[in-house]
Amino acid sequence: LDKTAITNMLIDAHADSVLVVGDDATLHIHAHMDDPGPALSAGVAHGRIEGIKVDNMQSQHERWVDEHQEQVAPTSVGLVAVVQGDGLKAIFRELGTTAIVDGGITGKPSTGELLKAARQAGSDLVFLLPNDVNVLMAAEQAAQQAPDLIRVVPTRSIVSGIASAVSFTPSNPPEKLEENLKSASEAVRCIEVTYAVREVKIDQLQITKGDAIAFVDGQLIARADNLDDALLSGIKQAANDSIELISVYLGAEAPTEAKDYIPRLIERTYPGVTVEVVLGGQPHYPYMVGLE
C-alpha cells in the first residue's frame, strides 16, 4: 500500500487532520472532511476498505463519552491513554482508545486517577499508555495496585502513544498485543518544540528564558530564536535516510498560519518525505513531531 499516494489524494481533496499510518499490508486512515466520499474513493483506489467509520459532530460525541465513561460496554481488552488537546483526543478515540485521562492543568494524572480510568474502562484487561516520561511512575504504581487489570506500555511521548494505539488489535492474545504495542512505540522518533521557561546550560547549549528549544526523544538538543528554526534543528538531529513520514501536531500555542506553511518549510529540506500536519491542540508544546 502506498501511504504517500493516499495521503496526497486526501490532501488534494482538501482533507484536514490527515493521518495515514501502518505497514505495506494494512493502513489506518483518519481524516476530517465535509464530504467523506473522496476519502472513500482514495481507499478503494488503493485496496480493500474495512472498518469504515464516519462521525459527525465530533465535539458532541466527545462530550457524550466524557459524561458516560462509567457506562462503557464491557470488552475483554481495553486501551487507556493520557492525552491533552481536543485534536489528539479525537485521534486516540478513532484508534480505539477506551478511556482518555486528561490530567488537568499539569497533564500529569495521579495514580488514583489512572486507576479510576482503568476500572471504568469496562475491560477485563487494560493497556495503559502514559505518553509522558513524567507519568510513567504513576502508571507503574497503578499497575502494582491492580496487577490483574493493568499492563503499562511505557510510551514516553504522545507521538509514541499514537504509534502504539495504531497497532492496538484487541483480537490478538494479550501477550502478542503487549509486544506489538511496545514495539510500535519504540519505532517512532519524537521531537517536541517549546519555549524555555528558565535559563540553563546543558553541555554546549546556553539557554535563556524565552528561547525556542527542541527535544529529541526527551533530550534537549537545540535552541533557536524562533519555533520554526528549532523545529528544523530537531528534525535534522532525528532524521535519517529511511524516514518516509513526518507528522507535525500543532499545539494550542502554534502560529495560526502554521498549518499552511509548515509542510513547505519542511519539504524544502526533505523533498522526498511525506509531511502531515494535524491540529492536536496540546498545551505546552506548539509543535510535536513524529518521524517514521
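The values are calculated or read from the model by the stated rules, or taken from the named source; none is laboratory data. Owing to the predicted nature of the structure, the values given are computational and were not obtained by experimental measurement. Glycine also receives a Cβ, built like all others from the backbone with ideal geometry; neighbour counts cover every protein chain displayed. Surface accessibility is based on the protein's heavy atoms, side chains included, excluding ligands, DNA and RNA. Shrake-Rupley method; radii C 1.70, N 1.55, O 1.52, S 1.80 Å.
Listed by chain and number, the lysines placed with their C-alpha closer than 18 angstrom to that of residue 209 are 201; residues fewer than eight positions away on the same chain are left out. Once the mean of 1/r is taken over each pair of separate Cα atoms and inverted, the range 129-234 shows a Kirkwood hydrodynamic radius of 15.4 Å.
Please list 211, 241, 217 from largest to smallest accessible area, probe radius 1.4 Å, with all protein chains kept in place.
Numbers: 211 25, 241 165, 217 85 Å².
I get 241, 217, 211, largest accessible area first.
The mean sequence separation of alpha-carbon pairs under 8 Å and at least six residues apart, normalised by the residue count of the range 178-292, gives a relative contact order of 29 percent. Quick one: go through the range 234-272 and flag any residue whose amide nitrogen is under 18 Å from the point 7 Å out along the Cα-to-Cβ line of residue 133. 234-235, 237-239, by backbone N distance to the label point.
Shown in residue order for the range 201-217 are the 3J(HN,Hα) couplings computed by the Karplus curve 6.51 cos²θ - 1.76 cosθ + 1.60 at θ = phi - 60°: 10, 10, 6, 9, 8, 9, 9, 10, 3, x, 5, 7, 10, 10, 10, 10, 6 Hz (x for Gly and Pro). Per residue, the range 91-223 exposes 47 Å² of accessible surface when a 1.4 Å probe is rolled over the protein heavy atoms with every protein chain present. Identify all lysines with a Cα-Cα distance to residue 108 below 16 Å; exclude those on the same chain that are fewer than 8 residues away in sequence. The qualifying lysines are 89, 116. Residues in the range 214-230, backbone N under 20 Å from the label point at residue 268 (7 Å along the Cα-to-beta-carbon vector): list them, ranges by number please. 214, 223-230, by backbone N distance to the label point.
Sorted largest first by accessible area at a 1.4 angstrom probe radius, with every protein chain in place, the residues 195, 285, 249 fall in the order 195, 285, 249.
Could you compute the FRET efficiency for residue 261 and residue 171, with r as their C-beta to C-beta distance and R0 at 45 Å, rounded to 0.05?
After rounding to 0.05, the efficiency reads 0.60.
Amide hydrogen proximity for residue 101: with H placed 1.01 Å from N in the peptide plane, the residues at 5 or more positions away or on another chain lying under 5 Å are 81, 82, 83.
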